[in-house]
Amino acid sequence: MRRPAQLVYAMDEAPPPGLATALAFQLLAIQSITFVIPVAIAGALGASPAAEARFLGLSILATLLWQVLQLLPRGTAGSGYPVPGTHSAAFLGAYPTRRRSVAACWRMPLG
């Protein structure tokens, strides 16, 4: 099977270290835009600044674990491709906009 002309690197090839580092920083810059979402969620729940920082750190850790699982070349978890894991704003509507405790959110009436 011939390699397509537009394919720069195959699945088992890696770019030079300098290019790989530049691409890693580019991916980090794109993902860092979405780091505001966990902070907004924690702020909406009325968390303290320390709790917001802890929630952000755990969110970044969860994103890291997701990407590591995606990079696995075999098995049911990964595809072998660097699929970026980002936080989604789709869940922001599920969180309260006023300061409430998490326990009070569970007792909110639906509808």
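Values in this text are rule-based calculations from the coordinates and carry no lab data. Since the model is a prediction, treat every value here as computed from it, not as a measurement.
With the cut-off at 1.5 for a/c, could you classify the range 14-66 from its C-alpha gyration tensor as rounded, prolate or oblate?
prolate
Go through the range 51-67 residue by residue and turn each phi into a ³J(HN,Hα) via Karplus (6.51, -1.76, 1.60, θ = phi - 60°); whole Hz please, and just put x for glycine and proline.
Result, rounded to whole Hz: 5, 4, 5, 5, 5, 5, x, 5, 5, 5, 4, 5, 5, 4, 4, 4, 5.
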